[in-house]
Amino acid sequence: SDGLVIDEKSSDLPHFKPTSAPPLSVFTSPPGEISFTYTPLPLLSGLWSLNKAGVFNKVITQKDIPKGSPVTLSTNSFGFILIAPGITSYPNMDITVATSVFKPFVASLDPAGVSLKGVLQMVFSLQNSTYSHKGWTLNVGLGFAASLVANNDPVNHIHVNGTFSNFTASVTTASSSVGTINDSELGDLIPIVAQYMASPVNFVFPTIPHFAVSETTSISKTGFGVFASNFVFDTPPGTQCGPSLRCPVETTCCAHWPEPGCCQVPNASCCQGGGCCPSGTRCIGNGECQR
């Protein structure tokens, strides 16, 4: 087919609209000699794609819990009994948690950085080898912010560091077959756990040989952000041999060949029509050299 075909009536369309472009002044008067301008659209698109791919649809069982963790997915677990006291009627059963996106995540940019908000649905089921019982369903609203800072190191890598903060969670019970669910306690616990689990994110842009960056900075505005840097070219060693060719050290520039090139011998004599002879010799034709 020719290109991408989108059915505007499809329910699979993204839940967001394209964001407005940054003001023209960002491009006509950039804050650095090189700059990268971004909006929330790539992040929104990425989250939507991950959701459509089912990345957020998980079934968590005890084997997914790291060894040594205090969390036990069992109806005998003291923590789960506090959240759902009614599970004492179902002793010695495993708990599985199925997660999915209830309300898609939305992203925004402001001077403080990036903010994300969305709602996950978590279905808790009780089961053993012969019996399965749907216990309760929670809608978990999650929100957090990330500040973005750009800088460069002495070897000319540009780093963009993201630090997560301001975790929030609101938990509501959508349904329960095991009695009252103390969802407020879970809502207080999630941000505390998330704060300890969140790790800083560090993106490193690849370096370009002989391209030195300096004064790298980041700017966050409402609706867009900018990473900017100044740069200088560090001229590589060697000899300029024509407008677009530079011969490395220990070679000889032969600018008068039919096409300029580099003889792989230092201090060589360049022969008319191509080829070269070592230092102390001269070209006598037919590719031969003479002292």
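The values are calculated or read from the model by the stated rules, or taken from the named source; none is laboratory data. The model shown is predicted, which means the values in this text are computed figures rather than measured ones. Here Cβ is always computed from backbone atoms with ideal geometry, including for glycine, and neighbour counts include all displayed protein chains. These area figures cover heavy atoms from the full protein model, side chains too; ligands, DNA and RNA do not enter into them. Shrake-Rupley method; radii C 1.70, N 1.55, O 1.52, S 1.80 Å.
R0 = 51 Å: FRET efficiency of residue 259 with residue 180, Cβ-based, nearest 0.05? Walk me through the intermediate numbers first.
Working: r = 85 Å, r/R0 = 1.66.
After rounding to 0.05, the efficiency reads 0.05.
Please compute the length gained on full extension between residue 25 and residue 147, using 0.36 nm multiplied by the number of residues separating them and subtracting their Cα-Cα distance. Intermediate results must be reported in sequence, preceding the final value.
On the way: separation 122, 0.36 × 122 = 43.92 nm, distance 2.35 nm.
Extending this stretch completely gives an extra 41.6 nm.
Looking at this model, which pairs from 52/134; 63/134; 67/103; 58/221; 103/221 are more than 28 angstrom apart at the alpha-carbon? Before the final figure, lay out each step's value.
Numbers: 52/134 25 Å; 63/134 20 Å; 67/103 32 Å; 58/221 35 Å; 103/221 26 Å.
In this structure, 67/103; 58/221 lie more than 28 Å apart at Cα.
Given the options 143, 86, 162, state which has the largest fluctuation in a GNM of the chain using a 10 Å cut-off (strictly under) for Cα springs.
86
Between residue 60 and residue 17, what's the calculated FRET efficiency when r is the beta-carbon distance and R0 is 30 Å? Round to 0.05. Write out the running numbers ahead of the final one.
Numbers: r = 33 Å, r/R0 = 1.11.
Computed FRET efficiency for residue 60 and residue 17 comes out at 0.35.
Considering only the other residues whose Cβ falls under 15 Å of the Cβ of residue 176, what net charge follows from Lys and Arg at +1 and Asp and Glu at -1?
On the way: positive: 134; negative: 183, 185.
Computed value for this residue: -1.
Using a 10 angstrom cutoff on alpha carbons, build the Gaussian network for the chain and name the most mobile of 266, 111, 206.
Maximum fluctuation in the GNM of the chain, among the listed residues, is at 266.
Percent of accessible area on the stretch 135-174 owned by carbon and sulfur, 1.4 Å probe?
Values: 1010 of 1680 Å².
The computed percentage sits at 60.
If you look at just the Cα atoms of the stretch 196-291, how large are its Rg and its Dmax in Å?
Values for the stretch 196-291 (Cα only, Rg and Dmax): 23.9, 78 Å.
Figure the gain on full extension for residue 92 and residue 170 (residue separation times 0.36 nm, minus the Cα-Cα span) and round it to one decimal in nm.
Details: separation 78, 0.36 × 78 = 28.08 nm, distance 2.94 nm.
That pair, residue 92 and residue 170, stretches by 25.1 nm at full extension.
Need one number for the stretch 32-123: average projected area of the convex hull over its C-alpha atoms, nm².
Values: hull surface 38.0 nm².
Over all viewing directions, the stretch 32-123 projects a mean Cα-hull area of 9.5 nm².
Could you put 234, 153 in order of accessible surface area, largest first, with the 1.4 Å probe and the full protein assembly present?
Working: 234 90, 153 35 Å².
If we order 234, 153 from most to least accessible, we get 234, 153.
Per residue Cα convex hull volume for the chain, in cubic angstrom? Don't skip to the answer; put the middle values down first.
Numbers: hull volume 83.2 nm³, N = 291.
Here the figure is 286 Å³ per residue.
Using a basic spin-label model with each label point 7 Å from the Cα along Cα→Cβ, how many nm lie between residue 159 and residue 211?
Here the modelled spin labels are 2.0 nm apart.
In whole Hz, with x marking every Gly and Pro, tabulate ³J(HN,Hα) for the stretch 147-155 from phi via Karplus 6.51 cos²θ - 1.76 cosθ + 1.60, θ = phi - 60°.
8, 10, 10, 10, 7, 10, 9, x, 9
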